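Visitor: So that we are looking at the same thing, I have put the structure below in structure tokens.
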Amino acid sequence: MTTSPSSPRYPLQGVVSWNMNTTCGYRCSYCTQRFVDDRTQWARDLPRFVEAFTTLAGDWEIKLSGGEPFAHPRFIQTVRELASGGLRVSVVTNLSASQDKLAAFAQATAARPGVLSASLHLEHVQPVAFRDKLARFAKLGRCHATTVATRAVLPRLPALVALFAEAGLELRIQPEKQDRDVIDYTPAERVALLALGGHNGTGVVDPDLSGRPCWAGSRYFIVDHRGQAWRCYPARRRRREFLGNVLDGSLRLRDAATVCPYAYCNCTVPQQRGMVDTSTA
């Protein structure tokens, strides 16, 4: 397998997005997992997961998500084991965990801090209380907030961004998706989204990176609670570009950047880590 001359440089740190459970106490109207049949599944062979991740070649960050990862019954223990194995550990959470659990996460990852990405779900929480809770965590570790730009919420977003900025916190915007794709925003709504930084601060709403070499599948990949691995989120949603299973030894990562085949990419990790050229996306 060869790398195109236009491929980005080899990423020194790889990233795994591990969806370690489907469990979540919220049922948001815009949730991409709301149609999952069983919302009570979680990774069970945790020592084997930890071994698989700590033996990956090179330097890696594990981004834990779900569902709500803090709802996993062995979440903090797993974080400690991953961190003890030399991995950087980050988490995507709805921030419903107790302050004690949040502090335990910060303590476990203190040697190589990852990022706590806190999802603000306005159907379930009040923004001021959420902001203040995140501000308390910010004294312990790195963090930022995100929220989904539903049509009902979009007019409120500039004020919400300012509310978080008052506490020294960043609030990033995520476009709403239905049936895998960004909803049909009006031109005026798209202007508003771009004014707020686009999807997760990437400067675009729904990037088309098709045809560009990307390190997803080599230095970035997705793993579910069963150990099944895919190149990226669009690949997993379409059940394409399966990489094997991290638990049974069948995982096979690619040895170079390969061309992205997806007209819409919502994987912000490769975009923000320089794993794909986004200069004209």
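Visitor: Give me the number: length gained by fully extending R136 to T55, i.e. 0.36 nm times residue separation minus the C-alpha to C-alpha distance, one decimal in nm.
Guide: 25.7 nm
Visitor: Taking only Cα atoms and a 10 Å spring cutoff, compute GNM fluctuations for the chain and point out the largest among T55, T268, T109.
Guide: Checking each option, the largest mean-square fluctuation is seen for T55.
Visitor: Using a Gaussian network model of the chain with C-alpha springs under 10 Å, which one of T146, T186, T54 is most mobile by mean-square fluctuation?
Guide: T186
Visitor: Taking 0.36 nm per residue of separation and subtracting the Cα-Cα distance, what length does fully extending L253 through L122 add?
Guide: 43.3 nm
Visitor: Separate question: Using every alpha carbon pair in the chain, what percent of pairs falls into each 10 Å bin from 0 up to the bin containing the largest distance?
Guide: Over the chain, the share of Cα pairs per 10 Å bin runs 6, 28, 37, 24, 4, 0 percent.
Visitor: Counting just the Cα atoms, what span does the range 66-133 cover along each of its three principal axes? Round to the nearest Å and put the largest first.
Guide: 37, 21, 17 Å, listed from the longest principal axis down.
Visitor: Restricting to the range 13-206, compute how many DSSP beta bridges are antiparallel as a %, nearest 5.
Guide: For the range 13-206, the DSSP antiparallel bridge percentage is about 10.
Visitor: Taking amide H atoms as placed 1.01 Å from N in the peptide plane, list the residues 5 or more away in sequence, or in a different chain, whose amide H sits under 5 Å from that of V89.
Guide: The list, which skips near neighbours in sequence, is I62, G114.
Visitor: With springs only between Cα atoms under 10 Å, which of A118, A159, A138 fluctuates most in a Gaussian network model of the chain?
Guide: A159
Visitor: Once Rh is set to the Kirkwood radius over Cα pairs, what Stokes-Einstein translational diffusion coefficient, in µm²/s, holds for the range 225-275 at a temperature of 4 °C and a viscosity of 1.567 mPa s?
Guide: 108 µm²/s
Visitor: Could you give the nm distance between label points at Q272 and S29, where each point is 7 Å from its Cα heading toward the beta carbon?
Guide: Each label point lies 7 Å from its Cα, and together they span 2.7 nm.
Visitor: Relative contact order, percent, of the chain when contacts are C-alpha pairs under 8 Å separated by at least 6 residues?
Guide: Computed over the chain, the figure is 21 percent.
Visitor: Grab every C-alpha pair in the range 149-245, bin the distances at 10 angstrom width from 0 up to the longest one, and report whole percents.
Guide: 14, 35, 29, 20, 2
Computed from the coordinates by the stated procedures, all read-outs in this text should not be read as laboratory data. No experiment lies behind these values; they were computed from the predicted model shown. Glycine gets a Cβ as well: all are built from the backbone with ideal geometry, and neighbour counts include every protein chain shown.
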